[in-house]
Amino acid sequence: MKLEGSCHCRGVRFSVETHHPSPFMRCYCSVCRKTQGGGGFAINLSGDARSLKVRGRQHVKVYRARIQNPEDAKAHQSKGQRHFCGRCGSALWLYDPTWPELIHPFASAIDTPLPEAPELVHIMLEFKPDWVPVHAGKRDKKFQRYPKESIAEWHQRHDAEVD
């Protein structure tokens, strides 16, 4: 499926191909919450990095967060590159060289209609502030940090349910 997205001012427009279009994972970490998630979480999708096409690239800026988990003696710079529009501030996508074949557009930047997910996965709940409610359905999964199941595995499991 081809996803098309843009920033609020439309200075940046992009497209990416994905096999996994369901916006199912809500991240409550402070980086996602503060850079992208006004509702207290961010929703990332998964796309093929080779297919990314960008118009208005001159407006794209990159932020690499400093991360310090409670067990860490000191903070470190994330490998994740959070791309956003330098004109309006809209979060666009995340790229992490750990997984060079993937790009993770933020669902909030996608203009293409997306399918509803059969369940949600709530991650990084350890870092969720008290003011943020977790609206979890009966089938939803909750994790203090990361699940073992990958995005691709989640989709494979749900594709098997549909077949």
All-but-one check, Tyr63 against (1) open to solvent by 40 Å² or more (accessible area, probe 1.4 Å); (2) over 14 Å from the mean Cα position of the chain (by Cα); (3) touching a residue at least 60 places away in the same chain (Cβ under 8 Å), failing number (3)
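Every residue in segment 113-133 that is of a type in the set (Asp, Glu), open to solvent by 50 Å² or more (accessible area, probe 1.4 Å) and assigned to a loop (DSSP other than H, G, I, E, B), please. Walk me through how you get there before you give the answer.
From segment 113-133, those of a type in the set (Asp, Glu) are 116, 119, 126, 130; that's our starting set.
Still in the list and also open to solvent by 50 Å² or more (accessible area, probe 1.4 Å): 116, 126, 130.
Passing the criteria: Glu116, Asp130.
Conditions (1) more than 22 Å from Arg13 (Cβ to Cβ); (2) more than 18 Å from the chain's Cα centre (by Cα); (3) not β-branched (Val, Ile, Thr), marked per residue:
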| position | (1), (2), (3) |
| --- | --- |
| Gly40 | yes, no, yes |
| Asp48 | no, no, yes |
| Lys79 | yes, no, yes |
| Arg82 | no, no, yes |
| Gly86 | no, yes, yes |
| Glu101 | yes, no, yes |
| Ile123 | yes, no, no |
| Arg145 | yes, no, yes |
Looking at Cys32 and the list (1) surrounded by 15 or more Cβ atoms within 10 Å (Cβ to Cβ); (2) part of a loop (DSSP other than H, G, I, E, B); (3) at pLDDT below 90, which single condition is not satisfied?
(2)
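The values are calculated or read from the model by the stated rules, or taken from the named source; none is laboratory data. What you are looking at is a predicted structure, and each value in this text was computed from that prediction instead of being measured. With ideal geometry, Cβ positions are generated from the backbone for all residues, glycine too; neighbour counts draw on all protein chains shown. Surface accessibility is based on the protein's heavy atoms, side chains included, excluding ligands, DNA and RNA. Shrake-Rupley method; radii C 1.70, N 1.55, O 1.52, S 1.80 Å.
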